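Where a number appears in this text, it was derived from the coordinates with a stated rule and is not lab data. Just so it is clear, the model here is predicted, and its values are computed rather than measured. Cβ placement follows ideal geometry from the backbone for every residue including glycine, while neighbour counts extend to all protein chains displayed.
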Amino acid sequence: MAYVFPAPPQAVVPVAGSIDLFPVHRIYCVGRNYEEHAKEMGFTGREPPFFFAKPADALLPVAEGTGEMPYPPGTQNLHHEMELVVAIGRRGRQLAAANAAAHIWGYAAGLDMTRRDLQGEAKKLGRPWEIGKGFDFSAPISSITPIGRTGELTRGRIWLKVNGQIRQEADLSKMIWNVNETIEHLSKYFELMPGDLIFTGTPEGVAAVVPGDVLEGGVDGVGALRVKIAPPARD
Ligand code: MN
């Protein structure tokens with residue numbers, strides 16, 4: 001038995017302050033998890049959390065320096081969404097919020113980049129969000145800091161600058177569903193596995209970026225990343 005072509009490489013994210021790599025299994029994302037962002041997207045009230053996914057190879061790890069994200073095809077409206085990312089290190093399903101933190105391996109800062117025009121069209125037509133959310137390079141991410149170094153995160157500043165101007169700034173305590181509650185909900189529907197990443201939703205201030213823009217964002221106490229939007233990829 002042999003693979004009929006070389007197996008795809010394992011998606012990984014570097015671990016901060018270490019030469020170790022975190023092997024990625026799946027990427028789950030929470031929709032509308034900060035009240036002011038839910039409002040700017042036209043929603044009010046506390047609805048149960050909902051989830052979508054990105055492929056693991058949509059990651060663009062940026063441990064240091066400036067990462068380059070090619071402007072994706074098929075959109076005229078590429079948006080940034082700065083998010084806290086939770087890295088899962090222990091298998092579990094049907095987890096109670098009170099026990100959820102034991103499954104967290106660490107945290108990172110990530111961008112849930114979104115083709116907003118395609119996502120909007122999908123919403124209107126009742127279609128899946130993949131085309132708006134799950135494209136190549138749609139998940140720039142910092143290195144992962146182990147929870148032993150950060151402690152369990154319930155508050156802290158989350159921020160994003162574009163070309164040096166602040167665009168998003170909020171506190172993790174403003175999440176509608178906190179990390180433990182998010183893990184409780186998600187693990188009702190999926191068995192969480194070591195290597196899973198959870199993008200926990202973005203605060204208000206999402207907006208468009210274009211080639212040449214430099215995004216710099218982070219979560220205080222966790223990490224930061226810097227990404228330049230590059231011209232569209234060409235063959
Ligand atoms: Mn998001």
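Some points to look at:
- Across all directions, the average flat footprint of the convex hull enclosing the Cα atoms of region 73-114 is 4.5 nm².
- Principal axis extents of the C-alpha atoms in region 112-195 (largest first, rounded to whole Å): 43, 40, 25.
- Charge dipole of region 155-235 about the Cα centre (unit charges at C-beta), most positive-ward option of 201, 214, 225: 214
- Only aspartates and glutamates eight or more places from residue 39 in sequence, or on another chain, were considered; those with a Cα closer than 16 Å are 47, 81, 169, 204.
- Of all DSSP beta bridges in the chain, antiparallel share, percent nearest 5: 80
- Pairwise FRET efficiency - residue 51 versus residue 10, Cβ, R0 = 22 Å, nearest 0.05: 0.40
- Scattering curve values for region 67-175, log₁₀ I(q)/I(0), Debye with Cα scatterers, q = 0.15, 0.19 Å⁻¹: -0.83, -1.11
- For the chain, alpha-carbon Rg relative to the globular expectation (2.2 N^0.38 Å, N residues): 0.96
- With the simple spin-label model, which puts each label point 7 Å out from Cα in the Cβ direction, the residue 157 to residue 208 separation comes to 3.0 nm.
- Only the Cβ atoms of Lys and Arg (+1) and of Asp and Glu (-1) were treated as charged; on that basis the dipole of region 122-207 about its Cα centre amounts to roughly 360 debye.
- Comparing 145, 19, 128 along the charge dipole axis of the chain, the residue lying farthest to the positive side is 128, per the Cβ-charge model.
- About the centre of its Cα atoms, region 82-235 shows a dipole size close to 60 debye [charges on the beta carbon of Lys, Arg (+1) and Asp, Glu (-1) only; nearest 20 debye].
- Gyration tensor verdict on region 1-116 (Cα atoms; rounded if a/c is under 1.5, prolate if a/b is larger than b/c, oblate otherwise): oblate
- Sum of -39500 (n - 2.57) over DSSP H runs of 4+, divided by residues of the chain (222 nm, nearest 500): -4000 deg cm²/dmol
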